[in-house]
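Quick notes on the structure that follows.
All of the numbers you see were taken from the coordinates with simple rules; none came from a lab. None of these values were measured; they are calculated from a predicted model. Glycine also receives a Cβ, built like all others from the backbone with ideal geometry; neighbour counts cover every protein chain displayed.
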Amino acid sequence: MNLNNPQALDQHDKDIINALQGGFPVCERPYLEAAKKLGLSEDDLIKRIEALLNSGALSRFGPLINAERMGGGLTLAALAVNEDDFDRVAELVNAHPQVAHNYEREHEYNMWFVIATETPEQVEQIIKKIELETGLQVLNVPKLEEFFIGLRFDL
Amino acid sequence: MTAEILEIDVVDRAIIAATQGGLPLVPRPYDAIGDGVGLSGAEVRARMQEMLKSGIIRRIGAVPNHYKLGFSANGMTVWDVADEQISDLGKKVGALEFVSHCYHRPRHAPHWPYNMFAMVHGKNREEVESHAQEIAKILGSAVKGSDIIYSKRILKKTGLRISV
């Protein structure tokens, strides 16, 4: 399968991606139940999910956890990094296991990362550490309100 | 608006940790999780149902990779929205099908004036820009300024790690 070519997915694959973004059954044979609705066999569904994960079309298949509900801390943070210093700073930021995602973006704030910690207090500690290590001031924008996390990604 | 924090016991934590890499791709995945943490499949299912109900588990299913699926333009659209209207307007923006996440976040004046973030995915930048115009229409006169911040490169993506 050509990874960068969405056309390489057949209709069954697209149906799987569209239908299974939530609501996967919690029963003894969930793949069997989901497969019936998609007109597939249990074995075919499992193999197709496996292939979609291997090709990178799906980044994950399983439960999505709400870390804050578990008492953890979570924030979105950004740095305005000098281009010449970018790789060094990226390495320093990424070295923290609490940094879950990090993206380079086109803006004066050109590094945006998510910090996820076991306790809310640790978020502040990680930010302080990153500021000390990089010598830069972190823009900390934790969510105040969540409007929606979309499920409906249609192919 | 902090979400209620729920007590989570060691068994739930162990189940979550066991599914960090994803749901096992076997015909009886919940039994397989149970084998790893010393529970029956039925016990695992009952606990996961409870965690779905309480919101500790948001949902179970597939997480598509937008980039690999041809939605290669990813624009974080940021907006300076009147505080008294952000809750109502945010819900409308979050309901748009091309918006994958929408949040109210704090401003840091003067260098960061934006208080609403809406992640927009498109096949190219033109598509992202036309989506952003639709958002602007919804926000109308409540918006004072905005920007689209495109992603250039993923520097790290490990997801959440929960220890037991």
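Data for the structure
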read-out	value
Descending semi-axes in whole angstrom, ellipsoid equivalent of chain A, from the Cα gyration tensor	37, 20, 13
Karplus (6.51, -1.76, 1.60) ³J(HN,Hα), θ = phi - 60°, over region A:32-45, in Hz, Gly and Pro reported as x	4, 4, 5, 5, 4, 5, 9, x, 10, 8, 4, 5, 5, 4
Within 10 Å of each Cβ in A:23-36, the average number of Cβ atoms from other chains	4
Cβ neighbours within 10 Å from other chains - mean over A:85-93	1
Listed residue pairs exceeding 24 Å between alpha carbons, taken from A:K129/B:K68; A:K143/B:K156; A:K14/B:K123	A:K129/B:K68
More than 24 angstrom apart: percent of Cα pairs within region B:1-141	52
Exposure proxy order (Cβ contacts within 10 Å, fewest to most) of A:I65, B:I138, A:I17	B:I138, A:I65, A:I17
Options A:A34, A:I16, A:N66, ranked by Cα towards positive dipole end of region A:15-69, top entry (Cβ charges)	A:N66
Tail fraction, Cα-Cα pairs, the protein assembly as shown, threshold 28 Å, whole percent	44
Cross-link partners of B:K92 among aspartates and glutamates (Cα-Cα below 17 Å; sequence separation of 8 or more within a chain)	A:E145, A:E146, B:D80, B:D83, B:E84, B:E134
Value at 222 nm in deg cm²/dmol, rounded to 500, when DSSP H runs of n ≥ 4 in chain A each add -39,500 (n - 2.57)	-10500 deg cm²/dmol
Euclidean distance of C-alpha centroids, region B:53-96 and region B:9-43, integer Å	29
Pairwise FRET efficiency - A:C27 versus A:D84, Cβ, R0 = 51 Å, nearest 0.05	0.35
Whole-angstrom Cα spans of region B:10-54 along principal axes, big to small	26, 20, 18
Separation of alpha-carbon centers, region B:121-142 and region A:35-61, rounded to whole Å	33
